[in-house]
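Input: a single structure, listed below in C-alpha cells.
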Amino acid sequence: MRRTAMFFLAALAMAAVVLTGCSSSSSSTSAGTGGTSASGGAKITIGSDQANDHGTGDATGKSSFEIEADNDDGFYFKPTVLTGSANQKVTLEIKNEGTAEHNFSIDAQSVNVNIDPGSSQEIEVTFPASGTVEFYCSFHRSLGMAGELQVA
C-alpha cells in the first residue's frame, strides 16, 4: 500500500510539471506602436484597452481615409493607429468587411455609429491638438477591437 501511494504521488508530481511546461502565456504590449499581425495575435495598448494590432496608417494631409472593421481573424480595425496633423479634420470611411455588425465610437467627439456587415459609413473626425484620441467598437471592445487617432 505504501509503495502504491508513493508511485501515485510521483506520477501526480510529474503530471504537474508537464502541464505547467505546456501552458505559457505571453503578450507583446507597447504604447501605441507595434507590428502588423495577420493573425491578430499582436497586441498594443490603446488607452486602457489591449487592441489587436493591425498596423499604422498615415492620414497627414488627406481629407479622407479608409479603415477596415473586421472579425475574420480576431476583432480589429485596420489600421489600428491612424496618424495625422494636430486639429486635422478627415472623413473616415469605415468598411465592415466582417460577418458581424460593428460599431465605430469616439467618446471625446460624440461619435457612435453602427455598421452592418458588408456595408460602410462615412464619419468626419478631428485629430486632437496633441496626443491621442481612442476609437473602438462598442460591441467588441473587450475582444481587442480598438484603435486611436494619433497626432504625428
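Laboratory data are not the source of any read-out in this text; all were calculated from the coordinates shown. None of the values given here were measured: they were computed from a predicted structure. In this analysis, Cβ positions are derived from the backbone assuming ideal geometry, glycine residues included, and neighbour counts consider all displayed protein chains.
For the list (1) touching a residue at least 24 places away in the same chain (Cβ under 8 Å); (2) over 21 Å from residue 62 (Cβ atoms), I need the number of the one condition that residue 116 fails.
Checking residue 116 against (1) touching a residue at least 24 places away in the same chain (Cβ under 8 Å); (2) over 21 Å from residue 62 (Cβ atoms), the one that fails is (1).
For segment 37-82, enumerate the residues that are of a type in the set (Lys, Arg) and farther than 17 Å from residue 124 by Cα.
Within segment 37-82, 43, 78 qualify.
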